[in-house]
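Q: Sending over a structure as structure tokens; questions will come in a sec.
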Amino acid sequence: MVNLTQPALLCFGKLPQDASFRHHFLQIVSYLQAYKEAFASEKVFGVLSEKLYDLLQLDWEQRQEEDNLLIERILLLLRNVLHVPADPDEEKIIDDDAGVHDRVLWAMHLSGMDDLLKFLACSQSEQQWSLHVLEIISLMFRDQNPEQLAATGQTRSARERGTDMAELEVLRQKELAEKKSRILQRSSRHSRFGGCYIIQGLKSIGDRDVVLHKGLHNVKNYTHDLGKEVRRVPKRQQRAHDTEGAPRRSALNVRVFLKEFCIDFLENCYNRLMYLVKDYLVREKAQQHDETYYLWAMAFFMAFNRASSSHPQLVSETVGVRTFHFIEQNLTNYYEMMLINKKEATSWSRRMHLALKAYQELLMTVHEMDHSQEEAVRNSSHIIKNNIFYLMEYRELFLTLFRKLDEKKQPRSFIKDLVETTHLFLKMLERFCKGRNNVIVQSKKIKRKKKPQAHSATCSMHPQTPEQLEEMWPKLAEHLSKCTQGSEPLPEDMAPFDAASEVPLEEQRADAMVRIQDSLLAGRAPEALSLLHSAREVWPEGDVFGSPSLAPDEEVELLKQIFFANLPRQAAPEPEELDEAAEEEEIAEEELAAVRVSEKEFSFLDYMKRFASPNVVRAYILLFKNYQQNSAHTNHCIVKMLHRIACDLKMEALLFQLSIFCLFNRLLSDPTAGAYKELVTFAKYIVGKFFALASTNKKAYMELLFWKSTAVVRGMTESYSVLQEGEGSDSRKACQWTEAEEEELRELYYKYKDVEDQDVLSSVLAHLSTDTRTRKQVAKRLVRLGLARSVQDFPRERRGVRIVLWTEDQEAELQRLFEEFRGTDDILGNVMRHITEKRSKARIIEKLLSMGLVSDRKELYKKRKRKPGSCGAKKGGFPKDFGVPDLNDINDEEEEEEEEEDLDSEEEEEPAWEDGDRALQNGPPDGRTNKKGTVASDRRFQEVVRSLQQEGLSGPLLWLQSCLNRTANDREEEGCAQPVPLVPLSEENEDAMEHKGFQKLLRNVGIRAPANEQESFWRIPAKLGPEQLRRLAVSIALQERADETTEHPAEEEVLDTQELRSPIPEKEEPTLGPKRARLISNDEDESDSRDSSEEDGPRPAGKRKCLRIEEDEED
């Protein structure tokens, strides 16, 4: 039975659009309606009630899994039966008559099923059925009005009787007016002789007056629209229809039973059941959209409690700030889903309406608590109002709903509830503010700032001259010394990288160094030191930011070098590029929003000014049009808001709109206007204000055609010059145009507007005498001059979109340009600059590949310009003793890859050593041997090393020796060998790895080149053992030492005392870290160099002698 009574919507998922499926859907619904009529029997529900009662009598120890399953099936069957919709065509019932749904409810009552439902709702041992019970109860009361249900069985109050008398009076006046109009339409003459009249002042199609062939009683109803076909509105543009049917009262006995059920439910079950359901929803244990039953129960039972007894303690579980927050979150979520899921926009709009009703009822309950006789209840209401009025989210909710209102998705009933809820909220807020001198509320400001385009733009204000830096450093060094000694705390959580950036972490080292320098230039010493420590932890490789064991003085010295260094920064884009980026990528540009929370004094009048908006007024007027169908309270809410705008804010000109005046005309000519005295009085007031303004401002009649902003309203009432001055004070105001410039603009526009295949604005901008005009300024001026209807008439042509196909001449031109610039560093850039038809970079690359001119797009990458022989310290660089390479080393990693050179021919000319140490495996380190081939290879090896030293590659040779020694130690300790990549961390070593002579040396010592495109580094092969690696390193060191001895005999003693690391060190050094390569400056050299520097002049910091020492951690 559960499967047979399954709701049709659950079977089909949604209402089918196909005709055949729609027929099946309606047929299933008709079957279900017949099932529901059959279930309207006391015997059927008696059997179900007895079975459910027997199952609930079992303790949880005795209850089996089959028993729980049977309980769930009984509840699902009850849900399915109540879910079946009524058939209005078949029933055709009136108020106080019993329909099928009423008979099913009465059968449930007679069988005692309602008592079992209340037991399930309040029992602690049956809380797993909470959501089932709440869903069944919501289906039981789906056709009921809580206020009417609460008034069942009570005598009618004087207020209700007065309301009924007013409704009867309106109907009587309407009947009398219709009777009077029929009498006036009667004529003494025959109907075929009605007469022919001319309406003076009303022109026909020609220049003559309109001729009317009807009676005089139809003159007032004449319009030019008579006889025209009604314009068909597309379905997607039609206004949303109300899904709620006409209200109907159930039979009296059913209403009395339901009223008693509600009273018992509120007293015994409501708080506990709502607590359990809320817990399920928060913990996400419920099914999708189950929160709608929670919102419905909140709105219904709180309204019933307010209308019957008004005891807040009965609904205390759902009265509080958390409930406001829960509803506000769901309301926002429903609105977002309505925008995202457009196919289900109607369903999301209904859920949004349900949440709004719950919010409205919650406000009404708090408002009723203000009038309670108990002081504790009034204090609770005061606390709740303090919270909801203090927080910005609740104050901005109604403004947001009005601003985002879409009448195509949200019906009039939603607008009605929104208007009434806003009226209640403003009434409570105004009363709350009147009794206090000042009200403090929370304010949130979102400060949006765009991502910085270049570091140079942010640091352009800092002094960059060496003299200014020298003046700044002493004070900054003193501050840094205090920070390193711990006398001043350092800021915490300083991230040297941007985790949200698309740039890889390893490529952000240059930005981190620039940030440290910016902090120093700005005088933020603690921030710079903290950034240095954080960067050292993030990038410990190569001691780029210094060693962790640096002394405080060394850290200050390192920061000094960073402070004086000429760091590479990204070049700032040109102004033209900035303008194009601002126009073309304004929407796509990423923005960072920071929310600033503060407190301010609240002004109710300033808050009301935010409702003075065309969007808000348009929503109220849309509801105003149905003033005859609206209740008296709804019409009062509408007039009260419009009165606040017109009288309190002095913005009656905001209502000077033609559609509003047409509505006023219909209201004033309505024969039942006497029943709408408040509306009539307000309409006369607004019309009188308009004619008073029109007597001084003749343009007011034209302003009737448009909805107006507050700025235009001020211009209408005061002076349009005030509006122009207000525009002039704006920082974004366009430049002024003289009459001569406007005349020149007209001539250029008429000259180029008919030219085909040419952008009009581009041609006008190219020939304007003033070069400061932008494309947007010219377009706006053309619109203001009446030469164009909108700025959208001048769309910017996107690059590479219009041109798709390539002609033969264009292909020949592309091939010619490619051959011309084939040997340059930037082939693609030169081709794009010289090609006639401008295309995008992707299109040109794709065409070059298809024509076979290149086999890989990497061949078109821009090549970096290298400076061979840059072994010494660069100007403004870092000293090598701190392990900090020049920032160009790091910044080059972010540039485009260079085209790989073909070295196959070189490999054929220069034979490599097969085992990596053919010249060293049988002879002493000095290279002396008896074998001719080995002697020749050793001599060739010495020549290669000597030539590299002469070219200034001593530093890379020292680095290669260190890598060989480190790899030998690792393989000796681990006992296994794997290929080890040679990763250059400095620009000097990176340049050496691309030097042909250095690559020849690497091949000679047996180091393998990258095998394919997936490998980027040279690798030390696994077949080279520790001893072979050490002999190779020693041979490089001996050759280097011999060359240095011949070139620098004066420094021989210094080099003897500072020997490079050998396989067996002669003297043990103290352990400074686990296998860390450090750069230690020679103090003796510094002291010796000071004497010579005084005589010979200042010596650059980059010339200090530095020795790399590889140290092992002692066990």
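Q: Which of the listed residues, PHE301, SER250, VAL219, is farthest toward the dipole's positive end in the stretch 205-360, when Lys, Arg count +1 and Asp, Glu count -1 at the beta-carbon?
A: Projecting each Cα onto the dipole axis, the largest value belongs to VAL219.
Q: May I ask you to compute the full-extension gain from LEU58 to PHE706, defined as 0.36 nm times their residue separation minus their alpha-carbon distance, rounded to one decimal in nm?
A: Gain on stretching LEU58 to PHE706: 226.0 nm.
Q: Mark the label point 7 Å from the Cα of LEU668 along Cα→Cβ and return the residues of the stretch 684-724 whose backbone N is within less than 13 Å of it.
A: 684-692
Q: While we're here: Please list, in chain and number order, the residues 5+ apart from SER443 or on another chain whose amide H is under 5 Å from its amide H, with Hs placed from the backbone.
A: Residues meeting the amide H criterion: SER598, GLU599, LYS600.
Q: Kindly state, to the nearest 0.05, the FRET efficiency for GLN329 paired with GLU943, given R0 = 60 Å and r defined as their beta-carbon distance.
A: Efficiency at R0 = 60 Å is approximately 0.15.
Q: Turning to a different aspect of this structure: Simple spin-label model, 7 Å along Cα-to-Cβ: ASN438 to ASN68 in nm?
A: 6.0
Q: Tell me, what % of the accessible area of the stretch 24-132 is carbon and sulfur with a 1.4 angstrom probe?
A: Heavy-atom surface of the stretch 24-132 belonging to carbon and sulfur, 1.4 Å probe: 52 percent.
Q: Within the stretch 21-42, which residues have the backbone N less than 12 Å from the label spot 7 Å out from MET1 along Cα→beta-carbon, could you tell me?
A: Of the residues in the stretch 21-42, 36, 38-42 have backbone N under 12 Å from the label point off MET1.
Q: Under a point spin-label approximation (7 Å from Cα along Cα-to-Cβ), what is the LYS14-GLU756 distance to one decimal in nm?
A: It works out to 4.7 nm between the two label points.
Q: Calculated FRET efficiency, GLU396 and TYR31, Cβ-Cβ r, R0 41 Å, to nearest 0.05?
A: That gives a FRET efficiency of 0.25.
Q: What accessible area per residue, rounded to a whole number of Å², is obtained for the stretch 231-291 using a probe radius of 1.4 Å?
A: For the stretch 231-291, the solvent-accessible area averages 68 Å² per residue.
Q: Please list, ordered by chain and number, the residues whose modelled amide H lies under 5 Å from the amide H of LEU202; skip anything fewer than 5 residues away on the same chain.
A: The list, which skips near neighbours in sequence, is VAL210.
Q: Read phi for every residue in the stretch 546-557 and hand back ³J(HN,Hα) as whole Hz from Karplus 6.51 cos²θ - 1.76 cosθ + 1.60, θ = phi - 60°, with x for Gly and Pro.
A: Once rounded to whole Hz, the list reads x, 7, x, 9, 5, 6, x, 5, 5, 5, 5, 5.
Q: If you don't mind, another one. Using the beta-carbon distance between SER850 and THR824 and R0 = 22 Å, what value does 1/(1 + (r/R0)^6) give for FRET efficiency, to the nearest 0.05?
A: 0.50
Q: Same structure, new question: Just the accessible area for TYR280, please: 1.4 Å probe, Å², rounded to the nearest 10?
A: Rounded to the nearest 10, that gives 40 Å².
Q: Let me ask something else. Give me the 1.4 Å probe accessible area per residue for the stretch 326-449, excluding ligands and nucleic acids, in Å².
A: Each residue of the stretch 326-449 exposes 47 Å² on average to a 1.4 Å probe.
Q: Now for a separate question. Going by accessible area, probe 1.4 Å, with all protein chains left in place, what is the ranking of LYS235, LYS609, largest first?
A: LYS235, LYS609
Q: Another question about this same structure. In whole Hz, with x marking every Gly and Pro, tabulate ³J(HN,Hα) for the stretch 618-632 from phi via Karplus 6.51 cos²θ - 1.76 cosθ + 1.60, θ = phi - 60°.
A: In residue order, the calculated couplings are 4, 5, 5, 5, 4, 7, 5, 4, 9, 4, 6, 8, 6, 6, 5 Hz.
Q: Heavy atoms only, 1.4 Å probe, whole protein assembly: order SER850, SER347 by accessible area, highest first.
A: SER850, SER347
Q: Taking the full set of protein chains and a 1.4 angstrom probe, give the accessible area of THR400 in square angstrom, rounded to the nearest 10.
A: Rounded to the nearest 10, the figure is 50 Å².
Q: List the GluC sites (Glu not before Pro) in the stretch 245-304 that DSSP assigns to loop (not H, G, I, E or B) and whose Cβ has at most 16 other Cβ atoms within 10 Å. Which are they?
A: In loop regions of the stretch 245-304 (DSSP not H, G, I, E or B), the sparsely surrounded GluC sites (Glu not before Pro) are GLU284.
Q: Which far-off residues, 5 or more places away or on another chain, put their amide H under 5 Å from the one on ILE1007, with H placed in the peptide plane?
A: none
Q: Right, here's the next one. State the percentage of accessible surface on the stretch 279-375 attributable to carbon and sulfur atoms; use a 1.4 Å probe and exclude ligands, DNA and RNA.
A: That share works out to 44 percent.
Q: Related question: With the cut-off at 20 Å, tell me which of the pairs LYS625/LYS650; LYS385/LYS427; LYS862/LYS1000; LYS841/LYS863; LYS36/LYS259 have Cα atoms farther apart than that.
A: Beyond 20 Å between Cα atoms: LYS625/LYS650; LYS862/LYS1000; LYS36/LYS259.
Q: Can you tell me the accessible area per residue over the stretch 1-52, all protein chains present, probe 1.4 angstrom, in square angstrom?
A: 66
Q: What whole number of Å gives the distance from the Cα centroid of the stretch 689-712 to the Cα centroid of the stretch 19-59?
A: That distance is 64 Å.
Q: Hey, another quick one. Taking the simple approach of a point 7 Å from Cα along Cα-to-Cβ for both THR465 and SER41, what is their distance in nm?
A: Modelled inter-label distance: 10.6 nm.
Q: Count the net charge of all other residues whose Cβ sits under 12 Å from the Cβ of PHE432, scoring Lys and Arg as +1 and Asp and Glu as -1.
A: +4
Q: Please work out how much accessible surface ARG161 shows to a 1.4 Å probe, ignoring ligands, DNA and RNA, in Å² rounded to 10.
A: Only protein atoms counted, so the area is about 120 Å².
The values are calculated or read from the model by the stated rules, or taken from the named source; none is laboratory data. This structure is a prediction, so every number in the text was calculated from the model and none was measured. Cβ: placed from backbone, ideal geometry, glycine included. Neighbour counts: every protein chain shown. SASA here: full protein model, heavy atoms, side chains in, ligands and nucleic acids out. Shrake-Rupley method; radii C 1.70, N 1.55, O 1.52, S 1.80 Å.
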